[in-house]
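The values are calculated or read from the model by the stated rules, or taken from the named source; none is laboratory data. Everything numeric in this text was worked out from a predicted model, so none of it was measured. When we count neighbours, we look across all protein chains shown, and the Cβ atoms used for this are built from the backbone with ideal geometry, even at glycine. Ligands, DNA and RNA are stripped out before the accessible areas are found, and what is left, the full protein with its side chains, is counted by its heavy atoms. Shrake-Rupley method; radii C 1.70, N 1.55, O 1.52, S 1.80 Å.
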Amino acid sequence: MMDSKHREALLAAFPALAQSEFRGQVRFVVPRGSLLDVARKLRDELRFDLLVDITCVDYLHYRGATDRFGMVYLLASTATNERVTVRVFLNEPDLTIPSLTPLWEGANWMEREVWDMFGITFAGHPDHRRILLPDEFTAHPLRKDYPLQGRGERHNFPILTRSQG
Amino acid sequence: MSLLTPEFATQDIAHDEERDYLWTLNFGPQHPATHTTLRIVLKLDGERVVDAMPDIGYLHSGFEKLGEHLDYNQYVTVTDRMNYISPMANNVAWHLAVERLLGLDVPPRCQYIRTILCELARISDHLLCDGAMGLDTGAFTFFLYAFNQRETLYDIFETLCGARFTNSYTRVGGVMHDATPLFVEKVRAFVRTFPKTIDDMERLLNRNRIFIDRTKGVGILTKEQALSWSCSGPVARASGVTRDLRKDEPYLVYKDLDFNVCCARSGDCWARYLVRIAEMRESLKIVNQAIENLPSGPVNVGIDQRTALPNKRMVYSTIEGLISHFELAMSNRGFDVPSEESYTATEAPNGELGFYLVGDGSDVAYRARCRPPSYIHFAVFPHLIRGHTLSDVVAVLGSLNIIAAELDR
């Protein structure tokens, strides 16, 4: 759904990007170092002004996968109604990626959720805390090596009685 | 910061330590006006809100983790529980995403039925949101008018699929049951009677001095902020963003139907209320056109695609139907899913509801990410409330339509 003119403009600025397409959705694989530059180029020059979502996929058990984590940045344009997906692949032990909060305020909570669920660290994030799970939680439950029923955290939550409350 | 935000709000938060007269108020997690379980820690100067810190996760139930363990048909029951105010819209969004991944086109009758359901769900959602916003700001009669019509909508859903609240109506490649003449009759009756309710509702609040004073100029979101904060749906449209996926990326049969996108410029609670009221009238137009042009024909994809269960007559009287049913029901067969990834978004009542799906060949998703509009809108809340009074918290919260089950998933 991305205009070919815009696609060429992006590739002219960043020739090394790997491009793929599935069901009309264009995806670019971006090296971690140039994520901010690519995002800024997409936002300021190619008018992808809306950050739709940030999420992550853990490819631990995925057949044929070479990288552990794949970040997904979904961008859209309110002017031309195009969409583009930006992918960044990360591997342990260095799971740090630049935060997109300088470009979009909305990235704040989306990145906090990814940190909470996958343990990806966002460099430059203004409020780098867990969001959905309690602060004392140690695991990152959407990782594929985390069991569906948890590791007994539910049974170890401190119990408050009425007299303590 | 907007010019209309009081000067108070722009002061540096670092000064708070010096201002030891500020007090902290816990709003929720159990408070009637949060409607569900969410918590906001408010920092107050008298009645003015200096800062608000949302604390969410009380209803987190691991829906995305469950999505990696339930197959594409089973997971629809979980989507019901996300935005339980309009479960039909979630069902449709989920299965549109699955069908995009599979590359499947559903028959026209199914598309029309799904369109009707999406719009009825939108009306139901907006009735609750505007109704509850009225209730929180003191308009109890308005709330009763809205909820009376929601009851009619629940009856329509019950006629269609037997469940009132958690419908789980769609399936991969179709829907659970075909629409019956009784359903069509009930929808027609709703289209006839509902405009009177909207008229009544508008007469109750649109010129109501108390309601206007409590919502106008409260919680202003500018267009730039709406884009920067990734807002979508009525919240963004009330701020002048003209994006509506039904027009911009037509899915189902929206491109054949005549309707308008409702927008406002001022971006306050009052504008969000008006946009929702206007959208209900447009939704009714869509329902009317779709129900009068409902095509005949099959409601599920044929047995060649081998994704939807064939009907019982096919199973009992043809060998192809029997084989197809058997293959789908066998746990080691199922249907073929490409090892690919796709994102599909729909214009849910609350905003852009999308699913990012990763298929790995089996009929269970490898990753089922939901882009929940409530989550993204709630992040804006502290910016909307700063500088307003404590009583405005409920107005702003109501106008954003935060559904905690969708917020925390």
Original post:
Just counting partner chain Cβ atoms within 10 Å, what average do the residues of peptide A:131-142 show around their Cβ?
Top reply: 3
Subject >> For the stretch A:18-23, Karplus couplings with θ = phi - 60° (6.51, -1.76, 1.60), whole Hz, Gly/Pro x >> reply: 8, 10, 8, 9, 9, 6
Subject >> R0 of 30 Å, Cβ-Cβ distance B:Asp199-B:Leu66: FRET efficiency to nearest 0.05 >> reply: 0.10
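Pairs to check: B:Lys255/B:Lys285; B:Lys186/B:Lys285; A:Lys5/B:Lys255; B:Lys43/B:Lys223; A:Lys5/B:Lys247; A:Lys5/A:Lys41. Give those whose C-alpha atoms are more than 20 Å from each other in this structure. Mind dumping the intermediate values first?
Numbers: B:Lys255/B:Lys285 14 Å; B:Lys186/B:Lys285 16 Å; A:Lys5/B:Lys255 26 Å; B:Lys43/B:Lys223 27 Å; A:Lys5/B:Lys247 23 Å; A:Lys5/A:Lys41 14 Å.
Beyond 20 Å: A:Lys5/B:Lys255; B:Lys43/B:Lys223; A:Lys5/B:Lys247.
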Original post:
Using θ = phi - 60° and the Karplus form 6.51 cos²θ - 1.76 cosθ + 1.60, what ³J(HN,Hα) does each residue of the stretch B:336-343 get, whole Hz, x for Gly and Pro?
Top reply: 7, 10, x, 7, 9, 9, 8, 10
Original post:
Roughly what would the spin-label model give for B:Asp248 and A:Val29, points 7 Å off Cα along C-beta, in nm?
Top reply: 2.9
Original post:
What total accessible area, in Å², is buried where chains A and B meet, using a 1.4 Å probe and rounding to the nearest 100?
Top reply: 4000
Subject >> Per-selection Rg to Rh, the stretch B:91-148 - Cα, Kirkwood hydrodynamic radius >> reply: 1.24
**OP:** Between B:Lys285 and B:Val41, with labels modelled 7 Å along Cα→Cβ, what's the label distance in nm to one decimal, could you check?
**Re:** 4.7
Subject >> Virtual spin-label span in nm between B:Gln74 and A:His61, 7 Å along Cα→Cβ >> reply: 1.3
**OP:** Search the structure for amide H atoms under 5 Å from the amide H of A:Asp53, placed 1.01 Å from N in the peptide plane, and list their residues when 5 or more places away or on another chain.
**Re:** A:Leu74
Original post:
How would you classify chain A from its alpha-carbon gyration tensor, with a ≥ b ≥ c the square roots of the eigenvalues: rounded for a/c under 1.5, else prolate if a/b is greater than b/c, otherwise oblate?
Top reply: prolate
Original post:
Going through the stretch A:29-126, which GluC sites (Glu not before Pro) have at most 15 other Cβ atoms within 10 Å and a DSSP loop state?
Top reply: A:Glu45
Original post:
In whole Å, what is the distance between the alpha-carbon centres of the stretch B:149-219 and the stretch B:61-129?
Top reply: 17
**OP:** First measure r as the distance between the Cβ atoms of A:Phe137 and A:Ala9, then evaluate 1/(1 + (r/R0)^6) with R0 = 56 Å and state the FRET efficiency to the nearest 0.05.
**Re:** 0.80
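Please give the FRET efficiency for B:Gln30 paired with B:Ser391, using the beta carbon to beta carbon distance and R0 = 22 Å, rounded to the nearest 0.05.
Working: r = 19 Å, r/R0 = 0.86.
Efficiency computed from Cβ-Cβ geometry: 0.70.
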Original post:
Size of the dipole of the stretch B:247-287 about the Cα centre, Lys and Arg at +1 and Asp and Glu at -1 on the beta carbon, nothing else charged, in debye to 20?
Top reply: 160
Subject >> With at most 12 neighbouring Cβ atoms within 10 Å, loop chymotrypsin sites (Phe, Trp or Tyr not before Pro) (DSSP) excluded, longest segment of chain B >> reply: B:166-409
**OP:** For B:Thr389, list long-range residues whose amide hydrogen, built 1.01 Å from N in the peptide plane, is under 5 Å from its own amide hydrogen.
**Re:** B:Val49
